[in-house]
Amino acid sequence: MKEWFLFSVLVLPFLLIGLYFNSSDLSKLLTEFIRFVLAQPNAITSVTLVLADASILLLIGIFGILFSGVSDDIIGLAIGSPKRKKVLDDIHKYSFFKTLLIFVFTAASEELIFRGFFLGVLPRWTGIQFYILLLISNAVFAYLHIFNYKGTGRAVKFIPLFLTSFVFAYVFLKFGLIACFLVHFFHNFIATIFYRLYLFYFGKHPSSI
């Protein structure tokens with residue numbers, strides 16, 4: 001409950017303001033995203049990324065956190081949630097600049113592999129149906145990330161991570177690879193600030209070992 005309270009106080013005001021000014025655009029994006037998840041990638045109309053899209057990308061990053069957090073909590077309540085490995089918590093003890101560099105590198109490398117290569121290169125090289133490659137990309141992305149958690153219970157993190165990958169893949173098809181990197185960076189950046197503030201106000205995070 002403390003997590004959602006802090007998130008509401010810090011993020012929801014900006015989310016609501018963004019929704020107010022971008023409501024028509026976001027409703028179209030949401031419709032496209034739902035159709036995309038339901039195996040209709042051709043429903044997406046690609047656009048050229050411009051500076052004005054930055055606010056929308058930021059909102060998509062926040063949506064990704066909500067999307068991941070809600071699904072994570074639902075599964076956690078039903079099955080239980082694993083603890084994070086100490087190395088992941090140690091990252092948040094670094095200086096803010098060092099943490100920022102780590103997440104810039106992480107976002108760039110992951111998007112180059114899981115979206116740029118899996119969804120941009122492989123469909124042309126192999127001729128495999130795009131949606132099959134999308135599911136494989138999401139599965140590999142989720143599988144590798146569950147090792148950030150401890151014990152056999154970490155498998156429950158697979159589903160939230162798998163679902164969140166749809167958000168990044170949608171951005172890749174809609175706005176391109178650079179936008180995908182920005183959304184991934186915004187996602188990590190906001191989550192990092194939120195995590196640090198949680199530690200500052202409440203002490204040890206409940207997902208920590």
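Any idea which of Ala155, Ala191, Ala179, Ala107 is part of a helix (DSSP H, G or I), modelled with pLDDT under 85, within 20 Å of Ser55 (Cα to Cα) and aliphatic (A, V, I, L, M)?
One residue alone meets the criteria, Ala191.
Being part of a helix (DSSP H, G or I), among the aliphatic types (A, V, I, L, M), closer than 18 Å to Leu134 by Cβ and modelled with pLDDT of 55 or more is true for just one of Ile65, Ile60. Which residue is that?
Ile60
Do we find a residue being within 17 Å of the chain's Cα centre (by Cα) and surrounded by fewer than 13 Cβ atoms within 10 Å (Cβ to Cβ) anywhere in segment 122-140?
Scanning segment 122-140 turns up no residue that is within 17 Å of the chain's Cα centre (by Cα) and surrounded by fewer than 13 Cβ atoms within 10 Å (Cβ to Cβ).
The values are calculated or read from the model by the stated rules, or taken from the named source; none is laboratory data. For clarity, every value in this text was computed on a predicted model and none was experimentally measured. Quick reminder, even Gly has a Cβ in these numbers, built from the backbone with ideal geometry, and neighbours come from all protein chains shown.
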